[in-house]
Amino acid sequence: MTMRNILIGLGAGMATALLFAGLISGTALAFPLFILSPLPIAIAGLGFGTFAGSAAAAVASALIGFTIGPLAGGLYLILFAAPVAWAAHLIGLSRPVEGTPAGRQWFPLDSVLFRASLAVAVAVVIAGFVLGYDPETLIQETVKMLQAWLAQSPSDGMTPTAAEMEPLVRFNIALMPFTSASLTLGILVLATWLGGRIAKMSGLLQREWAPLWTVVLPQQAALLFGIAFVASMIPGAPGQVAGAVAGAIGFAFALTGFGLLHAVLVGKAARPLILFLVYAVSFVFLLPLGIMAVVGLVDTALQFRARRFAAGSGVS
């Protein structure tokens, strides 16, 4: 631990808090800034070590709690700051091993992604408990809000009634444990990946670099996802908890599904175009994400990439 790392942690925490504050600005950049808010924590953790990343997470959460409210600061710590700092810590773990490149064995990225998905699932469950997540109350409040919003908009007499809106609202709120966990994990992975790229460009990343498409979830992830997905059909809190687990691990499988597509297209001239189109469609529709989750699940179950490609040990 050095004074430089302390100052890096303080600065990264302040940067994270400022990016998060953009969420309350109401501008078009509010959501993109919020998505990028954990990035300084990832850069600090990956480039300067665990202490810098942990300090950044603590400072950011404290500043958010002080300026916006203790609840906001606590939720940010649970959902984003702590998981990103922990993921950076895992990526930086290594042990000396003779006969390996640079004489070190690094913590596998496969395990990092799996553990990150579990951490996100736990964080979403805790956040739901803290916020008092109640689907029925939320459904009624959402329907009332939509009615009030539609009443202020120009109408030709075709405004849907509360009874007509409720099925769609109920469906989306029922999916909240899945979607919340998926979005949170997506933000965590994006921040960690970008942080790794920036640390590498700056010459601060210690471990070897390898394509992210080499990451394949361990087979126990497939078993846990199956159990959680079935359990998510249970009414009430048990199903909601299972839904968060299934959502986080399912999104992790979607990422590995995209990875398999990258692997299959290696050396193909149309690779950039195909990948661009697939990613573009996935940002607009949810169906491709579901398809990729199934692809990633099958890939893990059959160990396709494990047999065809040598998994890298770096971060990409």
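The values are calculated or read from the model by the stated rules, or taken from the named source; none is laboratory data. Bear in mind the structure is a predicted one, so any value in this text is a computation, not a measurement. All Cβ positions, glycine included, derive from the backbone under ideal geometry; neighbour counts span all protein chains shown.
Among the residues of segment 244-277, write down those that are among the small types (Gly, Ala, Ser) and within 13 Å of the chain's Cα centre (by Cα). If the condition is that a residue be among the small types (Gly, Ala, Ser) and within 13 Å of the chain's Cα centre (by Cα), then Ala244, Gly247, Ala248, Gly250, Ala252, Ala254 are the ones that fit.
The set of residues in segment 201-219 that are in contact (Cβ under 8 Å) with a residue 12 or more places away in the chain and assigned to a helix (DSSP H, G or I) comprises Leu212, Trp213, Thr214, Gln219. Within segment 12-22, restricting attention to residues that are crowded, with 17+ Cβ neighbours inside 10 Å and of a type outside the set (Val, Ile, Thr), the residue that is modelled with the lowest pLDDT is Gly22.
For the criterion of being within 17 Å of Val120 (Cβ to Cβ) and either modelled with pLDDT under 95 or among the hydroxyl-bearing types (Ser, Thr, Tyr) (or both), Ile68 fails. Here Ile64 qualifies as assigned to a helix (DSSP H, G or I), of a type in the set (A, V, I, L, M) and crowded, with 17+ Cβ neighbours inside 10 Å.
Residue count for segment 111-134 under the criterion of being surrounded by 14 or more Cβ atoms within 10 Å (Cβ to Cβ) and either within 30 Å of Met165 (Cα to Cα) or touching a Ser or Thr at 6+ places or on another chain (Cβ under 9 Å) (or both): the result is 12. Listed conditions (1) within 17 Å of Ala87 (Cα to Cα); (2) at pLDDT 85 or above are all met by Val125, apart from (1). Check segment 27-41 and report whether any residue there is at pLDDT below 95, among the small types (Gly, Ala, Ser) and under 27 Å from Phe129 (Cα atoms). Yes, there is a match, as at least one residue in segment 27-41 is at pLDDT below 95, among the small types (Gly, Ala, Ser) and under 27 Å from Phe129 (Cα atoms).
Taking segment 75-121, which residues are without any contact (Cβ under 8 Å) to a residue 24 or more places away in the chain, at negative phi and part of a helix (DSSP H, G or I)? Within segment 75-121, Leu77 is the sole residue that qualifies. Only one of the listed residues (Ile78, Ile68) is over 19 Å from the mean Cα position of the chain (by Cα) and of a type in the set (A, V, I, L, M). That residue is Ile68. The residue that is nearest to Ile139 (Cα to Cα), among those in segment 174-218 that are β-branched (Val, Ile, Thr) and surrounded by fewer than 20 Cβ atoms within 10 Å (Cβ to Cβ), is Thr179.
The set of residues from segment 48-61 being surrounded by 24 or more Cβ atoms within 10 Å (Cβ to Cβ) and closer than 23 Å to Met201 by Cα comprises Phe48, Ala52, Gly53, Ala55, Ala56, Ala57. Residues that are touching a Pro at 6+ places or on another chain (Cβ under 7 Å) and among the hydrophobic types (A, V, I, L, M, F, W, C) do not occur anywhere in segment 94-111. For segment 257-282, the set of residues classified as of a type in the set (A, V, I, L, M, F, W, C), under 22 Å from Val216 (Cα atoms) and not in a helix (DSSP H, G or I) consists of Leu265, Val266, listed by residue number. How about segment 23-46: which of its residues are part of a helix (DSSP H, G or I) and either surrounded by fewer than 24 Cβ atoms within 10 Å (Cβ to Cβ) or acidic (Asp, Glu) (or both)? Answer for segment 23-46, where residues must be part of a helix (DSSP H, G or I) and either surrounded by fewer than 24 Cβ atoms within 10 Å (Cβ to Cβ) or acidic (Asp, Glu) (or both): Leu23, Ile24, Ala30, Phe31, Pro32, Leu33, Phe34, Ile35, Leu36, Leu39. Here Phe20 meets the list (1) within 17 Å of the chain's Cα centre (by Cα); (2) farther than 21 Å from Ile198 by Cα almost entirely, failing just condition (2). Considering segment 290-311, and only residues there that are at pLDDT 85 or above and not β-branched (Val, Ile, Thr), the residue that is surrounded by the fewest Cβ atoms within 10 Å (Cβ to Cβ) turns out to be Gly290.
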